[in-house]
Amino acid sequence: MRRLGLLYLAAQNLRRKPFRSFVTIAIVGLAAGTLFSATLLIGSVHQSLEVGMERLGADLLVMPEGSAESGETALITGTPTSFYMDESVFEQVKAIEDVEQASPQIFIESMISSQCCTGHVQIIGYDPETDFVVGPWLEDNLNRPLENREVVIGSLILANKGESVHFFGTDFDVAGVLDSTGMGADESVFMSMDAAYEMALNSQEKAETFLEIQPGQISSVLVKVAPGTTVEQVAQRIKAGVPGTMVMTANDLSQSVTDRLSGFLRGFFVLDAIVWVMSLLTIAAIFSMIVNERQREIGLLRAMGGSRRFVFRLMLTEALMMTAVGGLAGILVGGAGLFIFKAVITASLGVPYLWPPLWYFGMLMAGTLALAVVTGAIASLYPAVSSSRLEPYAAIRQGE
Amino acid sequence: MIKLKEISKSYKVGPTTVRAVESVDLTIERGDMVSIVGHSGSGKTTLLSLMGGLTKPSTGRVLVDGTNIWTLSDREQSQLRNRRIGFAFQFSSLIPTLNAIDNVRLPATFSGALVNHGRATDLLELVGLKDRIHSLPGMLSGGEQRRVALARTLMNNPEIILADEPTGDLDEETEADILDIFRSINDKGVTIVIVTHSRAVASQAKKVLRMNKGHLEVNGD
Ligand SMILES: Nc1ncnc2c1ncn2[C@@H]1O[C@H](COP(=O)(O)OP(=O)(O)O)[C@@H](O)[C@H]1O
Ligand SMILES: [Mg+2]
């Protein structure tokens, strides 16, 4: 036999005005859902930045003057780009004080054709001699340097290890697939610079489109600064010492992403705060109504032996139930919405994206739910107290 | 077992004071069957509510077995109402969201009793509604609702039943049935106080009290 517990009684009460309960739940859901998805978006972007920056492994990048925007976009979202400068820049950068490590890269925009599909990708040629980005990964995963006809690909490139991919008339074997970073590296193909130059040379005869790069051309120089100095100091020195270049620090990149995001989210959070206040007021108003509507019933429950505490708990339970259901629904819908529209959102904002670890999800869900429930508790507190204070006889009589 | 000592209850309505009950002294003994009659507005319902601790007297004391119930905590008062007193109200008093049997079981829930289905079913059978166990109050006639409410009054085996016009809007036959029930539980020692307009009901009582403009007149048989 079912127990006539608080939960059952509260649930029955919520059912008697289904539309009103639904609206309340929906408002709480909206508040919780927007908060949850916006915070999850921030968390995912930061997660991506963290992983992506670690992969990048450099404190700063030196690129040709005027390439800042496209370079930044390429690094963050993987939109292919190309710009070139002379490899003497590499030598000059390496000679700057407190540059501990420097390594050149070359960027090539390309179509990729693999067994499954074709698409735009960014080819990044690295210098195996000095590289500190792809090298460590190769050491851990492949245990040997890349051959001349081999590439390592980002996680979003639609090809598998062992398959062959085709660029500018040359076939390459996929030697490995990198872990996701959520950033541009996921949509990039890595090969050695020599392989890239050779591919360019061969494109003259084998490919429909020529690849016009020469040995001696590079796109960027990745730099690690020596301990005990600041990245900004070294950036200043490079700016002063290597004409025709611009310097982008890892911080600049993070800052740029954060700026793109906060511009979008500021309005979002203001809106969300308004919705939270609205749900608070709605719940308070609805529970004041409920107390009036149910005066007689409350009096009857008291006459049957329900204590003040019981009446108080019944009201509170109804509020907590609605807000908990609303909170959960909001989390589900908000999460699903972000999952579905992730690609659109990140593309239109130009931000990187990587789902955060499970504990982050857990904390965020618990936090959102707690906020929803606390909102319900605060909003219903006064009506719950005043309903429990009603004198049974007066309540029964007034409700007549 | 219930003693009212110099009890008054007045209400402030705007500038005037309504004296609903004035200086009533009354003792109800264990096993009594008392009826209270009087004109509408004479203070009968107020008096009954004072006896059961549903409203606080303006002056005077309500003693149940010698204890002033207004010195008890809310929890103790609630327990007293739950375990020892059964109220039957003047108007429909069922919880509309609960079906007949759940309404009947409700008092048992407050006393923490878990196994109460059997007793609730028996009581519904006693009031002749065994086949309406799962009906919601809205699906029952006024008379049927009254009978479910009566079953609920009896649920926790109260020692005292305070009934406010329990047969007020019922046909004679149903009134007689309900009166039978009251008499049989009174025979088992349950104290019963009934407010009524019905001569038939009043004639069953061992004692008839008359309320007149808040004052009590005793015309004991
Ligand atoms: N809560 C209240 N506020 C104001 N007046 C009340 C209240 N309860 C009862 N009264 C007044 O007290 C008097 C007695 O009421 P009541 O006890 O209901 O009489 P009866 O049950 O005999 O008809 C009536 O005049 C009624 O209007
Ligand atoms: Mg009355």
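The values are calculated or read from the model by the stated rules, or taken from the named source; none is laboratory data. Note that the structure is a prediction, hence the values are computed from the model and not measured. Glycine gets a Cβ as well: all are built from the backbone with ideal geometry, and neighbour counts include every protein chain shown. The area values use the complete protein model at the heavy-atom level, side chains included, leaving out ligands, DNA and RNA. Shrake-Rupley method; radii C 1.70, N 1.55, O 1.52, S 1.80 Å.
Summary of computed values
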read-out	value
Average beta-carbon neighbours from other chains, 10 Å sphere, peptide B:87-97	5
A:Met322, B:Met1, A:Met111, A:Met365, ranked by accessible area, largest first (probe 1.4 Å)	A:Met111, A:Met365, B:Met1, A:Met322
Chain lengthening between A:Asp140 and A:Leu332 when straightened (0.36 nm per residue, less Cα-Cα)	65.3 nm
Magnitude of the charge dipole, the protein assembly as shown, Cβ model with Lys/Arg +1 and Asp/Glu -1, debye to 20	6060
Theoretical FRET efficiency, 1/(1+(r/R0)^6), r = Cβ-Cβ of A:Lys161 and A:Val270, R0 41 Å, to 0.05	0.30
Residue-wise HN-Hα coupling along the range A:385-390, computed from phi with Karplus coefficients 6.51, -1.76, 1.60 (Hz; x: Gly, Pro)	5, 5, 5, 6, 7, 4
Ranked by how many other beta carbons lie within 10 Å on average, peptides A:386-394, A:266-274 from highest	A:386-394, A:266-274
FRET efficiency estimate (nearest 0.05) - Cβ-Cβ, A:Thr230 to A:Leu201, R0 60 angstrom	0.90
q = 0.16 Å⁻¹: log10 I(q)/I(0) that the Debye formula gives for the range A:135-281, counting C-alpha atoms only	-1.07
The range A:305-365: mean projected area of Cα convex hull, nm²	5.8
Folded to 0 to 90 degrees: helix A:18-56 orientation relative to chain A principal axis, Cα	20
Chain B: angle of helix B:117-126 to the longest principal axis, Cα-based, in degrees nearest 10	80
Inter-centroid distance (Cα atoms) of the range A:62-79 relative to the range A:339-394, Å	39
In the range A:72-165, the GluC sites (Glu not before Pro) that fall in loop regions by DSSP, at most 12 other Cβ within 10 Å	A:Glu97, A:Glu129
Approximate shape of chain B as ellipsoid semi-axes (Cα gyration tensor, √5λ), whole Å, largest first	28, 20, 17
For B:103-110, mean number of other protein chain Cβ atoms within 10 Å	5
Pairs from B:Lys44/B:Lys188; B:Lys130/B:Lys207; B:Lys5/B:Lys130; A:Lys94/A:Lys161 whose Cα-Cα separation, in the structure shown, is over 31 Å	B:Lys130/B:Lys207; B:Lys5/B:Lys130; A:Lys94/A:Lys161
Within-12-Å neighbourhood charge of A:Thr181 [Cβ basis; K, R +1; D, E -1]	-4
Calculated log₁₀ intensity ratio I(q)/I(0) where the Debye formula runs over C-alpha points of the range A:329-400, q = 0.18 Å⁻¹	-0.85
If the convex hull is drawn through the Cα atoms of the range A:223-304, its volume per residue in Å³	166
Environment charge at B:Leu123 (Cβ cut-off 11 Å; Lys +1, Arg +1, Asp -1, Glu -1)	+3
Packing rank of A:190-203, B:67-80, B:150-163, A:328-341, where each peptide gets the mean count of other beta carbons within 10 Å, highest leading	B:150-163, A:190-203, A:328-341, B:67-80
A:Asp171, B:Asp131, B:Asp102, ranked by accessible area, largest first (probe 1.4 Å)	B:Asp131, A:Asp171, B:Asp102
Calculated FRET efficiency for the pair B:Ser58/B:Arg199, C-beta based, R₀ 30 Å, to 0.05	0.40
Fraction of antiparallel bridges per DSSP, the protein assembly as shown only, in percent to nearest 5	65
For chain B, built as a Gaussian network whose Cα springs stay under 10 Å, the top-fluctuating residue of B:Ala205, B:Ala88, B:Ala113	B:Ala113
Dipole of chain A, positive end: most advanced residue of A:Asn143, A:Thr282, A:Phe172 [Cβ charges, Cα centre]	A:Thr282
Net charge over other residues, Cβ less than 12 angstrom from the Cβ of A:Leu138 (K, R count +1; D, E count -1)	-4
Residue (of A:Tyr382, A:Met246, B:Gln77) at the positive-pole extreme of the protein assembly as shown, dipole from beta-carbon charges	B:Gln77
Extended-chain gain in nm, criterion 0.36 nm per residue less alpha-carbon gap, B:Lys213 and B:Ser135	24.0 nm
Simple spin-label estimate for B:Leu72 and A:Glu91 in nanometres, 7 Å along Cα-Cβ	10.1
Quarter of Cα convex hull surface for the range B:67-172, i.e. mean projection, nm²	7.2
Cα convex hull volume per residue for the range A:258-356 (Å³)	129
Pair-distance profile P(r), taking every C-alpha pair of the range B:8-98, with 10 angstrom steps and integer %	13, 42, 35, 10, 0
Hz values of 3J(HN,Hα) by residue in the range B:158-174 - Karplus curve (6.51, -1.76, 1.60), Gly and Pro given as x	x, 7, 10, 10, 10, 10, 9, 6, x, 10, x, 10, 9, 5, 4, 5, 5
The protein assembly as shown: radius of gyration and largest Cα-Cα distance (Dmax), Å	40.8, 127
Shielding score for A:308-315, defined as the mean number of other chain Cβ atoms within 10 Å	2
Helix A:308-349 vs. chain A, principal-axis angle (Cα, 0 to 90°, nearest 10)	20
